[in-house]
Structures are given as C-alpha cells and as structure tokens.
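Worksheet for the structure shown next.
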Amino acid sequence: SNKGKVAIIGSGLIGRCWSVLFSSAGYNVALYDTVASQLSTALTSIEAQLCDMESKGLMRVDGMTAQKALQLVSSFDDLQKAVDGALYVQECTPENVDLKKKVFANLDSFVTSDKTILASSTSCLVPSKFTESLTHRKQCIVAHPVITVSFIPGGGGDLVKSCVSTCYPEPSKLTRNGYILRDLLSQYNPQKNPNYGINPPYYVPLVEIVPAPWTDSDVVDRTVALMKEIGQAPVVTKKEVNGFIFNRLQYAIIMEAWRLVEDGVCSPEDVETTITEGLGLRYSLIGPFETMQLNANGIRDYCERYGANIKHVCEEQGGPRSLSGETLDKLEKELNQTMPLEQLNERRSLRDKRLAALAIHRQHE
Ligand code: NAD
C-alpha cells in the first residue's frame with residue numbers, strides 16, 4: 001500500500017479492532033504482540049471482522065475488500081521491526097500504568113523519526129502518567145476508541161455465524177468454512193478466552209484524542225486528520241482530565257438515573273424509556289448545544305428563558321452518590337427480572353444488530 005505503515009502494539013480485542021480499521025482504509029498494518037498465540041488468533045478474528053464489515057457495505061475506502069485488507073496485515077514478534085518506518089503507532093496493551101510506561105519506553109528507544117506518532121488506546125490513563133521522561137514525549141498522545149465490550153462467557157457465536165453466512169455461504173466451500181469455524185471456535189473457547197463478543201468500533205466511530213501538556217500541536221492535528229481519514233470521529237481534550245469527554249458525560253447521566261431511582265421519583269424502567277423513546281433519539285442526531293440553539297431563538301434566548309430553572313434543578317440533584325446499598329439491591333432485583341443474566345447474550349446480539357443497522361442507515365443518509 002502506498003498509504004504507509006501503521007504499527008499496532010498488542011493484538012487483543014482493541015488491537016484487532018484498530019487493525020481492521022486501518023487495513024480497511026488501505027494502510028499497511030504491522031501487528032505486534034508478546035504472546036504468539038494471541039497473534040495467530042488475531043488474524044482469524046480480523047478476517048472475520050473484515051468480512052462482516054464488507055458484507056454490510058462498511059469498508060472505509062472504495063474498492064476495498066476484506067481479502068485485500070487482510071493482505072495488508074502482517075504479524076510481528078519483534079517490536080523494533082514492527083515499528084520500523086511506521087508513521088503511526090497505536091499501543092493496545094493491557095490497562096496498567098507500569099506496563100504502559102515500559103512499552104512506551106521501548107517504543108521511545110526504537111522510534112527513529114521525530115514525525116512518528118506514538119498513540120495509546122488507554123481508556124482511563126492521562127498520557128502524562130506514562131510519557132513524561134521519554135525523549136520523544138512530544139510525539140505521544142492518547143487516542144481512545146469508544147468501544148462497548150460485552151463480557152460474554154464463551155461468546156462470539158454470532159461473529160462465527162455472521163462470518164460464515166456472509167463470506168462463505170456455499171456448502172461447497174466447506175473446507176474454508178471448516179477452517180474459519182475451527183479457528184474462531186478455538187479462539188472463543190470460554191475457558192481460554194472468556195471476554196469476547198464485541199460491539200465493533202466501526203459502529204461507534206468516536207475516538208477521544210488526549211494530548212499530554214508536552215504533546216506537539218502538530219501531533220494532535222495529524223492524529224485528528226488520520227482518524228478522520230480512516231472514518232472515525234475524533235474529539236480533542238484541551239487539557240488532561242479524568243474520564244476524558246465521553247465518560248464524563250456518560251457518568252453524569254448514570255448518576256442522575258441513580259438519584260431518580262434512589263429518591264423514589266420513578267422506576268428504573270421509566271428511566272430506560274425516557275432515554276430510548278426520548279432523549280436518546282434526539283442525541284443520536286444532535287447534541288446538547290444544538291438542542292439549546294434550536295429549542296429557543298438561539299442559545300442566548302434559551303439560557304435567558306431556562307437557565308435559572310436548569311441551575312435550580314441541578315442544585316436539587318445534588319452531588320454524587322455511592323453506587324451501592326439498597327438502591328443497588330433494588331436495581332439488581334428488577335434488572336435481573338426484566339433482563340435475566342441467562343438472556344444477556346441474546347440482548348447483546350440484538351444491541352449489536354441494531355447498532356450495525358444504525359451505522360448502515362447513517363452511512364447512506
Ligand atoms: P486485551 O487484554 O484484549 O489485549 C491486550 C493484548 O496486549 C494481549 O494480546 C496481550 O498479549 C498483549 N500484550 C501484553 N503485554 C504486551 C507487551 N508488552 N507488548 C505487546 N503486547 C502485549 O486488552 P484490550 O481490551 O484490547 O485493551 C487494550 C487497551 O485498550 C487498554 O489500554 C484498554 O484500556 C484500552 N481500551 C479497551 C477498550 C475495551 O472495551 N476493551 C475500549 C477502549 C480502550
């Protein structure tokens with residue numbers, strides 16, 4: 001590929017997702033892991049995800065196929081070779097600050113160009129926690145993909161089914177089917193690998209870009225441009241903050257949902273309905289600021305009309321509560337009745353199917 005090379009460090013759930021995204025956009029992907037078995041199952045999983053994406057018309061560039069994209073992915077057991085000549089490195093190792101420090105120190109020593117971007121997928125760590133002492137610290141940044149992961153014991157069945165039925169539909173191709181099935185099934189062995197079943201990142205395009213105080217502004221700009229190019233939707237924090245942007249908003253909603261139930265205002269079910277039949281419908285199209293702009297004659301008018309009341313209601317909401325105690329007992333009892341634990345896999349598949357349908361709808365809008 002003449003687009004250049006991207007290195008993915010860690011071939012677990014997130015490393016695989018990034019490999020799918022970059023290869024489907026035409027980048028050469030060098031995938032590195034310290035565990036050889038992870039790398040080999042990663043390639044099978046990447047193929048399945050690419051097939052699924054192709055079948056839904058969600059490849060990132062015109063003319064790209066799952067097979068072409070797969071050919072752009074190579075696996076490496078040598079970190080230095082994996083990052084050699086890469087324009088962008090996406091670290092996807094487990095969420096542990098000491099490990100990130102170690103991996104970034106290695107990356108720092110192997111990177112030869114002052115142009116290479118060193119990005120971390122970390123969900124919770126601000127980049128200054130693991131990049132401060134590096135020679136190339138100006139090139140370091142967080143690029144956090146927003147992926148909802150289902151913890152499905154022995155999950156992955158749907159991925160297997162969808163891959164087999166979409167890519168290899170004919171019984172005459174049974175050898176291929178058998179191969180794919182065997183590999184996927186071994187990968188999704190519940191004893192070996194309990195944590196799979198994913199909501200692929202290409203259905204949820206958001207990526208949070210979090211620079212450290214010392215990150216070059218050019219690195220921020222180039223990371224944003226690259227994310228857009230591969231079809232993701234980047235947002236940028238102007239300073240380091242816990243929870244980044246997505247989780248700060250999400251936690252505000254979770255906390256108020258909790259208070260509404262704890263204070264006996266409404267049932268958990270009615271909180272759900274308020275989101276799914278109301279607020280959520282709007283929020284998949286416009287955010288809070290456009291809402292303010294549209295719901296009055298511009299945002300100033302909105303604030304003048306409703307600002308005092310909003311402030312008053314927010315004061316009444318009060319501070320954070322601990323997510324435990326009687327309210328938790330009550331929520332657990334109700335949720336386990338309406339969504340029994342044995343049926344979670346089914347509901348997850350339904351959620352993923354709907355998200356895929358929404359992504360397709362938005363693509364063709
Ligand atoms: P994972 O456990 O599925 O994969 C981690 C991979 O890293 C494994 O394959 C492991 O063998 C490999 N690894 C371990 N040490 C390594 C090393 N020194 N060098 C190279 N590879 C090494 O984890 P994951 O869910 O893919 O998460 C990776 C990162 O992405 C974490 O920082 C996590 O917080 C972040 N993230 C996760 C999610 C999610 O929903 N899982 C979402 C967004 C971001």
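The values are calculated or read from the model by the stated rules, or taken from the named source; none is laboratory data. Since the model is a prediction, treat every value here as computed from it, not as a measurement. Methodologically, a virtual Cβ is constructed for each residue, glycine included, from the backbone with ideal geometry; neighbour enumeration extends over all protein chains shown. Ligands, DNA and RNA are stripped out before the accessible areas are found, and what is left, the full protein with its side chains, is counted by its heavy atoms. Shrake-Rupley method; radii C 1.70, N 1.55, O 1.52, S 1.80 Å.
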(message) Restricting to segment 84-102, name every residue that is crowded, with 24+ Cβ neighbours inside 10 Å and of a type in the set (Val, Ile, Thr).
(response) Val89
(request) With the condition kept exactly as written, say whether any residue in segment 339-360 is among the small types (Gly, Ala, Ser) and surrounded by fewer than 12 Cβ atoms within 10 Å (Cβ to Cβ). (result) no
(request) Name the single residue, out of those in segment 79-102 being within 26 Å of Gly26 (Cα to Cα) and near the ligand (Cβ under 8 Å from one of its atoms), that is nearest to the chain's Cα centre (by Cα). (result) Cys92
(message) Ala296 - would you say it is open to solvent by less than 90 Å² (accessible area, probe 1.4 Å) and over 31 Å from the mean Cα position of the chain (by Cα)?
(response) yes
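Residue-wise test of (1) surrounded by fewer than 12 Cβ atoms within 10 Å (Cβ to Cβ); (2) assigned to a helix (DSSP H, G or I).
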position	(1), (2)
Thr215	no, no
Leu226	no, yes
Lys238	yes, no
Trp258	no, yes
Glu272	no, yes
Ile275	no, yes
Arg300	no, yes
His312	yes, yes
(request) Return yes when Ser23 is crowded, with 21+ Cβ neighbours inside 10 Å, hydroxyl-bearing (Ser, Thr, Tyr) and within 16 Å of the ligand (Cβ to nearest atom) and no when it is not. (result) no
(request) Scan segment 115-134 for residues that are more than 11 Å from the ligand (Cβ to nearest atom), in a helix (DSSP H, G or I) and out of contact with any Cys (no Cβ under 7 Å at 6 or more places or on another chain) and jot them down. (result) Ser128, Lys129
(request) Those residues that are closer than 11 Å to Ser74 by Cα and away from the ligand (no atom under 16 Å from the Cβ), I need them from segment 28-58; list them, please. (result) Asn28
(message) If I ask for residues that are open to solvent by 60 Å² or more (accessible area, probe 1.4 Å) and closer than 12 Å to Asp33 by Cα, which ones from segment 69-79 would you list?
(response) Asp77
(request) Return the pairs, sorted by first residue and then second, in which the second residue is polar (S, T, N, Q) and open to solvent by 60 Å² or more (accessible area, probe 1.4 Å), the first residue lies in segment 264-282 and is in contact (Cβ under 8 Å) with a residue 12 or more places away in the chain, the beta carbons are less than 8 Å apart, and the residues are 6+ apart or on different chains. (result) Glu269/Thr338
(request) Report, by residue number, each residue of segment 123-140 that is touching a strand residue (DSSP E or B) at 6+ places or on another chain (Cβ under 7 Å) and crowded, with 24+ Cβ neighbours inside 10 Å. (result) Pro127, Thr131, Gln139, Cys140
